[in-house]
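The structure under discussion appears below in the form of structure tokens.
The values are calculated or read from the model by the stated rules, or taken from the named source; none is laboratory data. Keep in mind that what you see is a predicted model, and the values were worked out from it rather than measured. Cβ sites come from the backbone with ideal geometry, for glycine too, and all protein chains shown count toward neighbours. Just the protein is used for accessible areas: all its heavy atoms, side chains included, with ligands, DNA and RNA removed. Shrake-Rupley method; radii C 1.70, N 1.55, O 1.52, S 1.80 Å.
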Amino acid sequence: MSEQPKLRLGVNIDHVATVRNARGGAYPDPLRAAKLAEEAGADGITAHLREDRRHISDADIEALAEALTVPLNFEMAATDEMQAIALRHKPHAVCIVPEKREERTTEGGLEVARDENRLAHFIAPLREAGCRVSIFIAADRAQIEAAHRIGAEVIELHTGAYCDAHAEGRFAERDAELERLREMASFGHSLGLEVHAGHGLTYETVQPVAAFPELRELNIGHFLVGEAIFLGLQPAIAEMRRLMDEART
Ligand code: PXP
């Protein structure tokens, strides 16, 4: 098989902040994790400033925006408050995600098709400010078409259902989810969108997704922060990088 373009790895550091906030102090410091991730070969750092500030804080975003040498991918809900913060920092990328107060994590993709007009107006100033706008969506044709229509440059496909099916041993469903992701990555690419993916990926689940030729970036966080307890952050990231590269060759 011929060599494919490099797949970028965005390391999500939200859960370094989760551990810090469990005690309300200053450590472990997400910025320190981000700098170590850079050294370990992360192509970008992803951080989600949630409305309830349960992990990443406003000060974290400020520090990351100032100190990173790799691109910052700022994840946020489509609210006026978050738009103002994004326009202040002008991160390299903004990823629009759905957010529910009661959820433990970002459970599904954004409902773009039913909120097209509002979202088109919402992302326009972000694009004008030079941010690359990405929309986090399910691997669904109607959502991808809507993301394209509102002017997003990037879609990030939600891999949670695929990863959950794998973890719970529902292998027929896992394979069907993987197939859906594969087809929708190809469909998104055919519309001219840059295609990313993420959520719930582990060493066991990353390779079949990393092998999609249309994919340009994976964003991975919770598993890497967990593995860092056992391996250290940099070896954990290096192993993910190795698996991704192996899947592409
Ligand atoms: N991509 C997006 C858009 C996300 O919201 C998240 C989780 O915050 C991730 C990737 C990373 O997911 P995980 O932490 O499960 O690897």
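Descriptive notes on the structure:
- When the inverse distances between all different Cα atoms of the range 83-198 are averaged and flipped, the Kirkwood radius reads 14.7 angstrom.
- By accessible area, using a 1.4 Å probe on protein heavy atoms only, the range 1-148 has 49% of its surface on carbon and sulfur.
- Accessible surface calculations at 1.4 Å, restricted to protein heavy atoms, place the chain at 46 Å² per residue.
- Largest-first principal axis extents of the Cα set of the chain (Å): 44, 44, 34
- Cα-Cα separations in the range 9-64 greater than 14 Å, expressed as whole percent: 48
- Think of it as helices only: each DSSP H run of n ≥ 4 in the chain is worth -39500 (n - 2.57), and spread over all residues that comes to -14500 deg cm²/dmol at 222 nm.
- Other residues within the sphere of radius under 9 Å centred on the Cβ of Arg174, judged by their own Cβ, net out at -4 (K and R +1, D and E -1).
- If you wrap the range 43-95 in the convex hull of its Cα atoms and look at it from every side, the mean projected area works out to 3.3 nm².
- Long-range Cα-Cα pairs in the range 1-122 (distance over 26 Å), rounded percent: 24
- Excluding same-chain neighbours fewer than eight residues apart, the lysines reachable from Lys90 by a Cα-Cα span under 22 Å are Lys35.
- Summed side-chain charge close to Leu31 - residues other than Leu31 whose Cβ falls under 12 Å, Lys, Arg +1, Asp, Glu -1: -2
- Residue-count net charge about Glu128 - beta-carbon cut-off 14 Å; Lys, Arg +1, Asp, Glu -1: +2
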